Amino acid sequence: MKPRALAEISAPEFDLARTLHSGQIFHAMPSGAGWQVLVDGIALAVEQQGEILHVPARHEALARRYFALDHPLESIYASFPTDPFSRAALDSCRGLRILRQPLWECLGTFITSPMKQVAHIRQMSLSLRARFGRPVPGALIQAYPAPEVLAAASEDDLRACGLGFRAKSLRLAAAEIAAGRLDLAALREQPTTEVREALCRLPGVGRKVANCVLLFAYERLDAVPVDVWIARILQAMRRRKGTLEELERFSARRFGAYAGYVQQYLFHHARMTRSLPA
DNA sequence: TGCCAGGCCAAAT
DNA sequence: ATTTGGCATGGC
């Protein structure tokens, strides 16, 4: 490959590696001193040196958008609650940003996520890409397979990628998209509640997965996916148990418009320390 | 080895 | 309306 012009993007309050490993995307590949990610069929090589992000000049706009460099991190931090849990999470996760993921890749990936650890979700994503994905010029791995491709695959083929009981859900959901019975892009214009309802009609999509897609792909920064980690933390914060929806409402009241950001910091901090804050 | 993982769904209470 | 059990797989 010929060397190409690099853009140097000023990216204060951004920690690339931390963001890539926070359980939002699962396919980032080490490349040179940086990383390679795939975005909408484009291989994006990115390297961080201090507050400077190096990306190919022709992909500067794509990088700014994908890495959400326009999110007002200082304002978001100012909105964080002041309890010890949230403070500890903020102190240890600065620079973590909520990415803007491609819709179907995010939805498909999180349909495969139930009862799987982050490392397993990555394995399944890489297996699906290797088996069904389209080659991308210059990429270390293949693109996330299109709905049409997964809809045409057999359940056994998907199980061979390690999906287990999730194979059926992924195939059926892909079929809904491929047949045009649900237009993911059109949902961008809809209110959060209606997007959530539409997503939850898909097989294998409940509130948790829908909220992941709302937060990571539909830019709904107030959406809070409540998984087992977040449930434990929220119950500790409010000193009593509750249903998942009660915990969601608690986080909405306590965390505000950027509740999704607070949630992501709590999740990553808990996972990194493998414990609840004292 | 046994336990748990960024849950969902249908059946049972 | 709410709770329970089953579901596949793999790392620790």
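The values are calculated or read from the model by the stated rules, or taken from the named source; none is laboratory data. Since this is a predicted model, take the numbers as computed values, not measurements. Methodologically, a virtual Cβ is constructed for each residue, glycine included, from the backbone with ideal geometry; neighbour enumeration extends over all protein chains shown.
Output the residues belonging to the range A:249-278 that are among the charged types (D, E, K, R) and within 14 Å of DNA strand C (Cβ to nearest atom). Break it down into steps so the answer makes sense when it comes.
Keep residues of the range A:249-278 that are among the charged types (D, E, K, R), which gives A:249, A:253-254, A:271, A:274.
Within the range A:249-278, A:R249, A:R271, A:R274 meet the criteria.
With the condition being within 16 Å of DNA strand C (Cβ to nearest atom) and surrounded by fewer than 22 Cβ atoms within 10 Å (Cβ to Cβ), I'd like the helices (runs of 4 or more DSSP H) fully within the range A:79-191 carrying at least 1 qualifying residues. So that I can check it myself, show each step before the final result.
Numbers: elements: A:84-93, A:103-111, A:118-132, A:147-152, A:155-159, A:166-178.
Helices (runs of 4 or more DSSP H) meeting the threshold: A:118-132, A:155-159, A:166-178.
For the range A:223-278, name all the residues that are hydroxyl-bearing (S, T, Y) and surrounded by 21 or more Cβ atoms within 10 Å (Cβ to Cβ). Outline the logic, then answer.
Going residue by residue through the range A:223-278, those that are hydroxyl-bearing (S, T, Y) are A:243, A:251, A:258, A:261, A:265, A:273, A:275.
Those that are hydroxyl-bearing (S, T, Y) and surrounded by 21 or more Cβ atoms within 10 Å (Cβ to Cβ): A:S251, A:Y258, A:Y261, A:Y265.
Suppose the filter is within 16 Å of DNA strand B (Cβ to nearest atom), under 20 Å from the mean Cα position of the chain (by Cα) and touching a residue at least 12 places away in the same chain (Cβ under 8 Å); does A:L163 pass it?
Numbers: within 16 Å of DNA strand B (Cβ to nearest atom): yes; under 20 Å from the mean Cα position of the chain (by Cα): yes; touching a residue at least 12 places away in the same chain (Cβ under 8 Å): yes.
In short, yes.
From the set of residues in the range A:203-222 that are in contact (Cβ under 8 Å) with a residue 60 or more places away in the chain and more than 16 Å from DNA strand C (Cβ to nearest atom), which is surrounded by the most Cβ atoms within 10 Å (Cβ to Cβ)?
Only one residue tops the list, namely A:V213.
Considering each of A:V55, A:V39 in turn, give the residue that is farther than 25 Å from A:L107 by Cα and touching a residue at least 12 places away in the same chain (Cβ under 8 Å). Before you say what the answer is, go through the steps one by one.
Values: A:V39 fails: farther than 25 Å from A:L107 by Cα.
It is A:V55.
Determine if the range A:70-77 includes at least one residue that is outside any strand (DSSP E or B), small (G, A, S) and outside the structural domain of A:V226 (by TED's automatic domain parsing).
If we filter the range A:70-77 for residues that are outside any strand (DSSP E or B), which is where we start, we get A:70-77.
With the extra rule that they be small (G, A, S), the set shrinks to A:75.
If we keep only those that are outside the structural domain of A:V226 (by TED's automatic domain parsing) as well, we get none.
No, the range A:70-77 contains no residue that is outside any strand (DSSP E or B), small (G, A, S) and outside the structural domain of A:V226 (by TED's automatic domain parsing).
Among A:R271, A:R249, which is the only one that is charged (D, E, K, R), over 16 Å from the mean Cα position of the chain (by Cα) and outside the structural domain of A:L158 (by TED's automatic domain parsing)? Before the answer, list the steps.
Values: A:R271 fails: over 16 Å from the mean Cα position of the chain (by Cα).
Residue meeting the stated conditions: A:R249.
Identify all residues within the range A:238-278 that are more than 24 Å from A:K116 (Cβ to Cβ), hydrophobic (A, V, I, L, M, F, W, C) and part of a loop (DSSP other than H, G, I, E, B); write none if there are none.
Passing the criteria: only A:A278.
Do you know which of the residues in the range A:61-78 that are crowded, with 18+ Cβ neighbours inside 10 Å and of a type in the set (A, V, I, L, M, F, W, C) is nearest to A:L20 (Cα to Cα)?
Per the criteria, the residue is A:F67.
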